[in-house]
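A short worksheet on the structure shown next.
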Amino acid sequence: MKTVIKTQGLSKTYTNTAVPVEALKDISLEFKEGEFTAIVGPSGSGKTTFLNVIGGLDKPTKGNVIIDDVDIASMKESQLFDFRLKHIGFVFQAYNLIPVLTATENVSFIMLLQKRPKEEMNKRAKEMLEQVGLGDKLDVRPNKLSGGQQQRVAVARALASRPDFVLADEPTANLDTESAFNLLDIMARLNREENITLIFSTHDQRVIDRARRVIKLVDGAVDKDETFDRD
Amino acid sequence: MMLIKISWRNIWRNSARSLVIIVAIVLGVLGGNFSAAIRLGVERQNFRETVEHQVSHIQLHHPDFIANPEAHYRIEDGSKVAGDISELPEVAHVSPRIVFEGMAASANMNAGVRIKGVDPEAETAATDLGHLITDGSYFEETGRLPSVIIGKELAEELNTEVGSRIVLTFQDISGEMVSASFRIEGLYEVTSTAFEKRNLFVRKVDIEELIGKPEVITEIAVVLHDVDTYREVAEHLQESYPGTSVRHWADMQPSLYYSLEFLNQNLIWIVGLIILGVSFGLLNTILMSVLERVRELGILMAIGMKKTKVFGMIVLETTMLAIIGGVAGLGVSWGMIRYLNQRGMDISGFGGEGMGDFGYASVIHPELDPGFYFEVAVVIVAFAILAACYPAWKAIRFVPAEAVREE
């Protein structure tokens with residue numbers, strides 16, 4: 001399987017605090033195409049920082065992040081904007097959507113920024129919303145959707161542009177159990193069907209139980225890296 | 001297109017706040033335009049009154065007449081000069097006059113006056129005098145006594161009225177004192193009470209008969225088809241008649257000229273200052289809106305929306321608000337100014353009667369040139385873009401990784 005992301009000696013130290021904080025310590029990992037990985041660990045273990053660094057939202061203090069044979073750690077900010085747009089899908093904890101756009105417009109948004117043809121955009125957005133079970137909410141704005149439905153739209157948006165991988169930062173944190181399971185089912189199915197690499201940060205056991213690979217971070221370092229056969 | 005759609009919908013997310021700023025812009029534009037229209041209307045009215053009814057566009061005199069207005073400083077071949085000038089294509093009307101400084105006396109009062117001997121038809125064509133008569137008639141009578149047309153203010157000062165006799169005394173060309181009785185045939189009214197008190201009109205032929213010399217002309221008033229050509233025509237006349245002193249209205253009324261010039265060049269900045277004030281309100285509104293959307297803007301940048309687009313979106317939102325308010329403000333002010341221009345604003349109840357002492361009318365007709373509305377529109381958009389810069393800059397300074405975690 002093709003390696004999608006490779007980190008080498010990744011470290012991140014925050015110096016804008018009273019005492020410098022080492023959020024990541026010498027992390028070297030590889031993520032293969034189609035993997036469904038959960039990054040777990042207690043609060044402050046560096047989960048979000050790790051996702052931010054491999055997602056090009058933050059720069060490492062040391063080390064490399066190789067994606068598609070390119071070290072994004074050495075990219076300029078403007079290059080990172082383009083890189084994120086073309087290669088990475090994001091799902092955040094909550095309030096992911098643009099409130100003034102309908103579900104279809106939200107899902108189309110990244111493709112619009114990528115300047116995809118309108119017909120392709122609309123077709124793909126509709127297809128993705130149907131896949132996440134929101135085929136009847138195409139023209140509904142986020143404020144008329146439940147929290148779970150909003151996260152499903154966010155997943156549809158992240159996957160619609162067929163990125164190399166999707167990063168999800170605690171996507172179920174604000175969801176009730178039923179909505180969380182529903183979202184996880186959808187993400188697991190899309191992971192299989194679309195063969196898109198999914199990487200989550202979570203301390204939600206429901207997510208951990210679905211992941212085929214679980215990486216545990218403790219104090220910014222990899223404590224465990226386990227693979228499970230869930231099929 | 002999507003950026004426009006998002007910006008448009010964003011400004012209506014908090015419709016009450018957007019409406020408040022739109023109303024503020026409307027009121028700012030209305031206030032600015034209205035005060036500008038009053039100022040311009042007053043000055044243009046003053047121009048029309050002063051230039052069209054009193055001094056005309058250009059006047060010719062003997063060079064010494066200006067400092068010493070005596071009739072022996074006459075224009076050589078005045079009638080021929082006046083005739084030749086009237087043939088010029090730029091010239092609409094010419095009124096040749098003989099002017100004396102003198103005294104007007106009624107039965108029990110007297111006043112220093114400027115006596116203007118005119119050709120009634122030429123004078124009306126040049127200054128509209130025949131249509132400014134508010135009591136009596138305009139050189140229609142041919143009775144035993146020659147007619148005189150005097151200002152309403154002078155009539156009050158002399159405590160006299162239409163039909164009464166007054167005695168005019170002045171020095172003739174040879175320096176001899178001449179006195180003659182005239183019958184007041186009509187009273188004229190102009191905005192300037194000073195002009196009314198000072199200037200009276202008699203037939204030129206009656207004066208010529210009194211002084212025993214025909215064809216004496218000390219002043220030629222020239223009215224042009226296009227007032228904007230006054231400088232070129234005045235220069236041309238000065239070259240053609242070097243023995244005369246040619247002055248245009250701006251020479252004769254410098255304060256009026258500079259006042260109009262100032263307004264023409266600076267009126268937009270008077271309105272601009274008001275719009276500048278309003279634009280700080282706009283800045284505040286957009287800044288609030290940006291600070292309420294930290295997380296959303298962070299997500300937009302995280303998923304790949306470039307900072308230039310985020311900046312553009314904020315500028316677009318601000319500009320849209322300004323355009324809505326600006327268009328509404330321009331529309332309302334255009335309607336209001338147009339209505340008041342036709343109807344007139346009578347300010348006599350607010351002490352406006354006294355404005356005549358300064359040459360201003362008590363009924364104001366506010367006016368603005370159509371091009372001025374366009375200039376205001378440009379200023380609104382320019383200030384809106386400037387006002388948007390700070391919130392937009394603030395927005396693109398958000399660090400996506402931090403902004404997406406904002407509560």
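General observations
- Between B:Met109 and B:Ile385, the modelled labels are 6.2 nm apart [label points 7 Å from Cα along Cα→Cβ].
- Within the listed set B:Ile385, B:Ile303, B:Ile396, the residue fluctuating most in the Gaussian network model of chain B (springs between alpha-carbon atoms under 10 angstrom) is B:Ile303.
- Rg over Rh, two decimals, the range A:63-158 (C-alpha only, Kirkwood Rh): 1.04
- Added length on full extension, which subtracts the Cα-Cα distance from 0.36 nm per residue, B:Val205 to B:Glu52: 52.7 nm
- Folded to 0 to 90 degrees: helix B:307-343 orientation relative to chain B principal axis, Cα: 30
- Cα pair distances exceeding 36 angstrom across the protein assembly as shown, given as percent: 59
- For chain B, the number of Lys pairs separated by eight or more positions or lying on different chains, with C-alpha atoms closer than 25 Å, is 17.
- Pairs of alpha carbons in the range A:92-211 whose separation is greater than 20 Å (percent): 36
- Stretching A:Glu127 away from A:Asp69 to a fully extended chain increases their span by 17.8 nm, per 0.36 nm per residue minus the current alpha-carbon distance.
- The length gained on full extension between B:Tyr339 and B:Ile66, counted as 0.36 nm times the residue separation minus their Cα-Cα distance, comes to 94.0 nm.
- Sparsely packed loop sites in the range B:53-121 (the GluC sites (Glu not before Pro) outside DSSP H, G, I, E and B with at most 13 other Cβ atoms within 10 Å) comprise B:Glu76, B:Glu87.
- Shielding by partners, peptide A:88-100 (average Cβ within 10 angstrom, other chains): 5
- Radius, Kirkwood style, for the range B:164-287 when every pair of distinct Cα atoms is counted (Å): 20.0
- Working note: 222 nm ellipticity from helices only, DSSP H runs with n ≥ 4, each -39,500 (n - 2.57), summed and divided by the residues of chain A, gives -11000 deg cm²/dmol to the nearest 500.
- Dimensions (Å) - the range A:1-69, Cα atoms, principal axes, largest first: 44, 25, 19
- Of A:Lys123/A:Lys144; A:Lys12/A:Lys118; A:Lys6/A:Lys144, those spanning more than 30 Å from alpha-carbon to alpha-carbon: A:Lys12/A:Lys118; A:Lys6/A:Lys144
- GNM top mover of B:Met177, B:Met320, B:Met252 - chain B, alpha-carbon springs below 10 Å: B:Met177
- Counting, for every residue in B:392-403, the Cβ atoms of other protein chains within 10 Å of its Cβ and taking the mean gives 2.
- Kirkwood hydrodynamic radius of chain A, from the reciprocal of the average inverse Cα-Cα distance over all distinct pairs: 17.9 Å.
- Nearest-ten-degree value, helix B:15-47 long axis tilted from longest Cα axis of chain B: 10
- Largest GNM mean-square fluctuation among A:Glu127, A:Glu193, A:Glu77, using chain A with Cα springs under 10 Å: A:Glu193.
- Beta bridges by DSSP in the protein assembly as shown, antiparallel share as percent, to the nearest 5: 70
- Note on chain B: the C-alpha convex hull projects to 25.7 nm² when averaged across all orientations.
- By DSSP, the beta bridges lying fully in the range B:63-243 are antiparallel in about 75 percent of cases.
- Cα-Cα P(r), the range B:63-243, percent of pairs per 5 Å interval: 1, 8, 17, 20, 20, 16, 10, 5, 2, 0
- Rough spin-label spacing in nm, given labels placed 7 Å along Cα→Cβ, for A:Asp219 and A:Phe181: 3.8
- Theoretical ellipticity at 222 nm over chain B - DSSP helices of four or more residues, -39500 (n - 2.57) apiece, nearest 500: -17000 deg cm²/dmol
Only the coordinates and a few stated rules stand behind these numbers; no lab work does. Since the structure is predicted, the reported quantities are computational estimates derived from the model, not experimental observations. Virtual Cβ from ideal backbone geometry, glycine too; neighbours counted across all protein chains shown.
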